[in-house]
Amino acid sequence: MPVRPEPGRDGKHGAAPRAALDMAAIAALVFLAGATDALMVTHSRDLLAVYMTGNSSKLAHALARADWRAAAPIATVILCFVAATTLAALLGRHCGRWRPAVVLLLVAALLAGAVPLAGEKLPILALLPIAAAMGAINQARGDDPGVTFVTGALVRLGRALAEGSAAKAGAGLLRWLALLAGAAAGALLDARHGPATLLFVAAGAAIGAALAALRVVMRGGAAEAG
């Protein structure tokens, strides 16, 4: 007599809960990036550490003016971001199902390490580990590199609306709302705690790492993900 799969573990029965967990995890990652970006707006308008689009434009402007003194720190931040996202991707490839936990633990350590270096105006020595953390966080999910890049999510939102796909549109909208919520939370915490708000973001990443590890354990250990 054939054995029917348990609801919630195989087939369609488990698809919806897994999809909901995945969307919650994505929203949490975008929330952390939004909170960090809020600190950049207040404490580091010249150098950005979360999204590299603005830095790339600033670098091009400095190079066009042959302003090497301005270009050097911007290029350093970008290189740090790329190096960290590469390292996190390599770690993720070797960690299998432990990938989110390991990468988020790295993110938490980098953000916490930036706190002693931070001031009212973030110096480049503080920005480098923050940029590294934001590069790494985008490799937390093997199936969704660049998970915190909301511009792409808004483009997909527009396409989903044009196609009449409510589910896809909702996913894009959720990412944007998560960014807004994270930035608002970061701004509120910054008003009270200043750059030490990075500790709260680091704690959020550490909690995410613990939850990701717990999920792996509950699903049967560190078998390699396909």
Candidates C95, C80 - the one that is crowded, with 18+ Cβ neighbours inside 10 Å and modelled with pLDDT under 95:
C95
With the condition kept exactly as written, say whether any residue in segment 119-138 is within 11 Å of the chain's Cα centre (by Cα), at pLDDT 90 or above, farther than 24 Å from A71 by Cα and not in a helix (DSSP H, G or I).
yes
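Does A209 count as in contact (Cβ under 8 Å) with a residue 40 or more places away in the chain, among the small types (G, A, S) and crowded, with 22+ Cβ neighbours inside 10 Å?
On the way: in contact (Cβ under 8 Å) with a residue 40 or more places away in the chain: yes; among the small types (G, A, S): yes; crowded, with 22+ Cβ neighbours inside 10 Å: yes.
Yes, satisfied.
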The conditions are (1) buried (at least 22 other Cβ atoms within 10 Å of the Cβ); (2) at pLDDT 95 or above, and A203 fails exactly one of them. Which is it?
(1)
Considering only helices (runs of 4 or more DSSP H) fully contained in segment 32-115, which possess at least 2 residues that are of a type in the set (D, E, K, R)?
68-95
Could you grab me the full set of residues in segment 147-164 that are surrounded by 14 or more Cβ atoms within 10 Å (Cβ to Cβ) and not in a helix (DSSP H, G or I)?
V147, T148, F149
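The values are calculated or read from the model by the stated rules, or taken from the named source; none is laboratory data. Since the model is a prediction, treat every value here as computed from it, not as a measurement. Cβ: placed from backbone, ideal geometry, glycine included. Neighbour counts: every protein chain shown.
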